[in-house]
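The structure under discussion appears below in the form of structure tokens.
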Amino acid sequence: MKKVIAIAVLFISTVGFSQIKVLETVPVEKLGRINNSFYVQKIGDEFTFFYTTVPSDEAESALKAFTFKNVDNAYQNLYAIISKGFTASPLNDVKLELPNNFVWLHYIANSDKITVQFMVSSKEAGSTNISEPLSKEQVEKLFQKS
């Protein structure tokens, strides 16, 4: 009986005062990718878009991100909004509000194709970052539609 009590005390003290705690993790899913300049990853029900900014006079290009939860199929709705913008006449910018950011979809008509840039403005910092332009084919690859 003394041995059982001693083992129980050792076990309880080991569990009660351990410094390492195992936390449940959610797997990271890598979705669409366009080189290293634009990619999407999913963690649980959150989608994060990572993009390289267009270099400005003050700074070089940097990797930035914006995140949103997939509430009411928001991920597929974003794809539909972007795709619809490629065929709109006239080309108009689309402003989206996310929990922490505003995202403008800025469409540019070049001589033979239309591209879209993500202009992301932080609600807290007030800074705006602009992504590299993406063609319709690149958007389809990013959303894994091709």
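The values are calculated or read from the model by the stated rules, or taken from the named source; none is laboratory data. Here the structure is a predicted model, which is why all the values come from computation and not from measurement. Cβ coordinates were reconstructed from backbone atoms using ideal geometry, including for glycine residues, and neighbour counts include every protein chain displayed. Surface accessibility is based on the protein's heavy atoms, side chains included, excluding ligands, DNA and RNA. Shrake-Rupley method; radii C 1.70, N 1.55, O 1.52, S 1.80 Å.
A compact table of results
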{"quantity": "The range 68-83: number of residues that are over 12 Å from the mean Cα position of the chain (by Cα), over 16 Å from ILE114 (Cβ atoms) and open to solvent by 60 Å² or more (accessible area, probe 1.4 Å)", "calculated": "5"}
{"quantity": "In the range 23-43, the residues that are touching a residue at least 24 places away in the same chain (Cβ under 8 Å) and among the hydrophobic types (A, V, I, L, M, F, W, C)", "calculated": "LEU31, ILE34, PHE38, VAL40"}
{"quantity": "Count of the range 51-69 residues which are farther than 15 Å from LEU134 by Cα and modelled with pLDDT under 85", "calculated": "9"}
{"quantity": "Conditions (1) open to solvent by 80 Å² or more (accessible area, probe 1.4 Å); (2) at pLDDT 90 or above; (3) of a type in the set (S, T, N, Q): number failed by ASN92", "calculated": "(2)"}
